[in-house]
Structure formats: C-alpha cells, structure tokens
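Some notes on the structure that comes next.
The values are calculated or read from the model by the stated rules, or taken from the named source; none is laboratory data. These figures come from a predicted structure and were not determined experimentally. Here Cβ is always computed from backbone atoms with ideal geometry, including for glycine, and neighbour counts include all displayed protein chains. The area values use the complete protein model at the heavy-atom level, side chains included, leaving out ligands, DNA and RNA. Shrake-Rupley method; radii C 1.70, N 1.55, O 1.52, S 1.80 Å.
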Amino acid sequence: MGGIWKGKLTMLGGHLDLTISIVPLAGGKFFAALDVPAQKVARMMTEMTVRDDSVLFFMPGAGSRYAARYVAAKRQLEGTWIQSGVKSPLELRYSPMPTLGSGTATRLAPPYHEEEVTFSNPVSRMNLGGTFTVPPGKGPFPAVVLVSDLGAQDRDGTIGNFRLLGTLADYLTRRGIAVLRYDDRGVGKSGGSSSLATTAMLVSDVQAGMNFLRSRIEVNIGRIGVIGHGEGADIALLAAGQPLPPAFVVSMAGYGLTGEQTLLQQHVAQLKAQKLDPVTVQVGYERQKTMYEIIRQSTPSQALSIVSNMMRQDQPELTPEAAQKAAAEQLTPWRRYFLTFDPVAELDQVKCPVLLLSGTDDSEAPADLHLVALEKELRSISHSTVVRRLPGANHLFQPPKTEWVLINGEMQPVLAPVAADAIREFIEGLGPKKPANPAEAKVK
C-alpha cells in the first residue's frame, strides 16, 4: 500500500485534485497524509485502517472519511468520499513513492559520496536508519542533521511527490556541507514508534545524530548544526539547550505557540481552506478545543470514551470500532504531551546562533504568530538570531506555483531557491572568514 494515491474528487462545479501519501510503518501499520493543493491543505493527518482489500481513511481535521476497496488488477482504490453527510465516488490511482537515495536504476549518481548508515540512540535503546552525504573534495566539512515536522516521516520528508529534506540535503551537499537525514521512529529502517515518543524524547535522536557526525573524519566537529522543520525546529532548539549542543540551529517554520494553540490554529486553517462559512468554522474550533481539553484533563480511559462519543456525534456513519480507533489516535503519548508543550519555555538555554525562517504563505505556522513568538524570546536574551521572511513560500518552503517546474506535462513543486540560499549563506557566514587580500593570511 505504500506510495502515492492520486485522484479527482467530484464537486459542485468541477473536480478537486487530491493525493493521499502512504508510508509503511513498523508492525504492519501505515502513516498517511492528505494533500489538496487547491485548498492549500498539506500533510493533513489521516488515520488508516486496512482489512483484507478494504481500506478506511479518516481525516479528523476535515471531518471526512474515505471508504474504499483495493482493486489489485488496476492498482487503484475505488470507494466513496464522505464529508458533511455528502457522498461522492472517488478513485485513487497508485504511483510509487519517489525517494532520493533509493538506488533505482533510473537515478543518476550524485556528484558526492552517499552512504546508507545506521546509528544508535543509547538513551532510547534503538537504532535509526538514514543517509549520510559528503561533498567532494578535501574536508573536514561543516555538517548538519535534518529533523522532520509533525508525524512519522521518512528520511526525505516525503509529502506527496515533494521531498523537502531530501531536496535540501542534495542542495547543501553539492555546496560543501555534509548532511545526515534519517527515518523517523517506526518508519523505514528506524526502530521505535513515533506515536509513543514525545517531542522532548525525540531530542535524543538528534543528539545521537550529532554524535554520529562527530565520529566521522569527514566532518568538522566544531561546525555541526541542526536544521529542523516545524516540530523538528522546536526539537533542534531543545537540543541546543542541552550539553554538547549544536554549533548552530536553522528553524524552518518552527512553532512558537503551545502545542494546543498550534493544532487548533492548523485546524481552523484547514476548515477555512474548505471555504466553510464562519459559523461552521467557529463551531469546528470550539468542538476541537473541547476535545483537546478533555484529552489534557481526563485519564486516558475516560478520554477514550468521551472522544469516541464526540466523533460518532460528528460522524454518525462511523461504527463504534472505527470511532474507538480514531479516538485512540488522538490519545497517543505524543499528542498528550504536545498539547501542553511550550516551545519558548526553554529558549533561554540556547547559546548558539539561530536562523529563523518562515514563508509568508505558510498557513500551518503563520509567521505573525509563530515566528514572532520565537524571535521575541530569542532576541530578549541577546542571542545571535537572524530572521528571514520568505515572500510567497508556504509551510513546505515551496515557492508560488508560477515558479514550479514542468515535468512530463505536469507542474512539480520545488524547494524555494531563496530558502535554500538563505540556509547556505547562514552556515557559510558562521565559518572562518577568508582574508580579502592573500597577503593578510601571511604570518606577521
């Protein structure tokens, strides 16, 4: 089932392109995410249940579900999309998940060294699988660890047909910066479970990654940094406040509000993207807020009963079993922790330079809310902080569609050049300064 499933949802007045990306997890489970570009919906968390050839997708953020049957002969899903009581037929066709570093025969060898690696996290007693890329030429090189956003993601940060972390790794390695990127817990070749690990617990994965880089002769151990996206940026900043911190941090759309505020803001943005009326949006906000309060303040068993009942009220077609499963997904250790997580609480421990990046078209972490909060706290303690707002970039740091590339007749997303260049310039600016005149390098 792992791969990209694309289709057109019939709507009043036309069709809506949507994609469900599926990544196999450990234990026969799956991570799924919904993308609807026309509504600016990206990476919407999706619960997925598979029984024989029947597949059920539930999108709590959109109040939608998709019940389908897998037709092996056609390699497609055929079923019904249900939202707000409206049922629409939907077929999704399969295409393989593109992955950098997969070693496929059609992929040209990159102009740098690429190595499949495994490194150990002794704190959690588990191994993480990843890819280590080293620039050509004589080292040692500055190096970075890449950390993904919310949800279980592979080492390339694959969302639909876009690979944020894989693309960034390729860009940086071609320009003299070594990169380690790894599968999240429970994904690909990494052990553990993403739903059981809290944001604070994931700091040890980053520390393990930095220790791996310190063990490599190709890496300058004095110039090892961390680049995090979304929640990954908050994890990077937490790591910067611990012993043996990184030399620098790049925050790509880091969250500056509490976890509950972040999830509520994202929920409202998703509802507005569906062009619902203001009253419906407000009702959806209040409903979600009540659910989060119940999760925070009740015992797990009490919360499971109440939340599953709320879901059946909102989605009468859900069976009790499906409601229980969907409620359980809302009660994972990660979510219960994240709801109370305050990303600015420990920023006073950060001593290294920080680059804060945010796109002006980011609906999941709007700069006016999240970037402002992080910037205010970091600047209040006089740290070396650089802030960049990138015009037209969204949460995945893609530029406006007018700047995408055309491949095989289809527009394909790219990493905004201004974002990639800002990161490179920041890292290069932290290195040894080259003398303007060769004579200045002579020993006096």
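For the chain, a simple Cβ point-charge model (Lys and Arg +1, Asp and Glu -1, everything else neutral) yields a dipole of about 720 debye relative to the Cα centre.
Annotation: for a label point projected 7 angstrom from Cα along Cα→Cβ of SER84, residues of region 239-269 with backbone N closer than 20 Å are 265-269. Think of the chain as a dipole: +1 on every Lys or Arg Cβ, -1 on every Asp or Glu Cβ, centred on the Cα centre; then among LEU18, LEU164, PRO142, PRO142 lies furthest on the positive end.
For region 131-156, the residues whose backbone nitrogen is under 17 Å from a point 7 Å from the Cα of GLN412, taken along Cα to Cβ, are 156. Over region 165-248, what is the mean sequence separation of C-alpha contacts under 8 Å (at least six apart), divided by residue count, expressed as relative contact order in percent? Once divided by the residue count of region 165-248, the mean separation gives 21 percent. Relative to the dominant Cα principal axis of the chain, helix 231-240 is inclined by about 40°.
Other residues lying with their Cβ under 10 Å from the Cβ of ALA240 contribute a combined charge of 0, Lys and Arg counting +1, Asp and Glu -1. Look at the alpha carbon pairs under 8 Å that are at least 6 residues apart: their mean separation over the length of the chain gives a relative contact order of 12 percent. Multiplying the residue separation of GLN242 and GLN302 by 0.36 nm and removing their Cα-Cα distance gives an extension gain of 18.0 nm. Heavy atoms of the protein chains alone define the surface here; on that basis region 191-252 has 30 Å² accessible area per residue at 1.4 Å probe size. Shape class of region 217-307 from the Cα gyration tensor (axes a ≥ b ≥ c, square roots of the eigenvalues): oblate, since a/c reaches 1.5 or more and a/b does not exceed b/c. Expressed per residue, the C-alpha convex hull volume of the chain stands at 165 Å³.
For region 270-397, what does the equivalent ellipsoid look like in terms of its semi-axes, each the square root of 5 times an eigenvalue of the Cα gyration tensor, given largest first in whole Å?
So the three semi-axes of region 270-397 are 35, 20, 11 Å.
Note on VAL405 and ASP314: the model spin-label points, each 7 Å out from Cα along the C-beta direction, lie 3.9 nm apart.
Phi angles across region 197-204 convert, under the Karplus curve 6.51 cos²θ - 1.76 cosθ + 1.60 with θ = phi - 60°, into 3J(HN,Hα) values of 9, 7, 4, 5, 5, 6, 4, 5 Hz, Gly and Pro given as x.
For region 280-425, what % of the accessible area comes from carbon and sulfur atoms, probe 1.4 Å? Write out the running numbers ahead of the final one.
Numbers: 3660 of 7110 Å².
That share works out to 51 percent.
With respect to the chain, whose longest principal axis is taken over its alpha-carbon atoms, helix 164-173 is tilted by about 10°.
Protection proxy ranking of 281-291, 244-254, by the mean of other Cβ atoms within 10 Å over each peptide's residues and highest first, is 244-254, 281-291.
Computed from phi, the 3J(HN,Hα) profile of region 280-290 under the Karplus parametrisation 6.51, -1.76, 1.60 (θ = phi - 60°) reads 5, 4, 5, 4, x, 5, 5, 5, 5, 5, 4 Hz, with x in place of Gly and Pro.
How high is the FRET efficiency between GLU218 and ASP368 when r is their beta carbon distance and R₀ equals 35 Å, given to the nearest 0.05?
Calculated transfer efficiency: 0.30.
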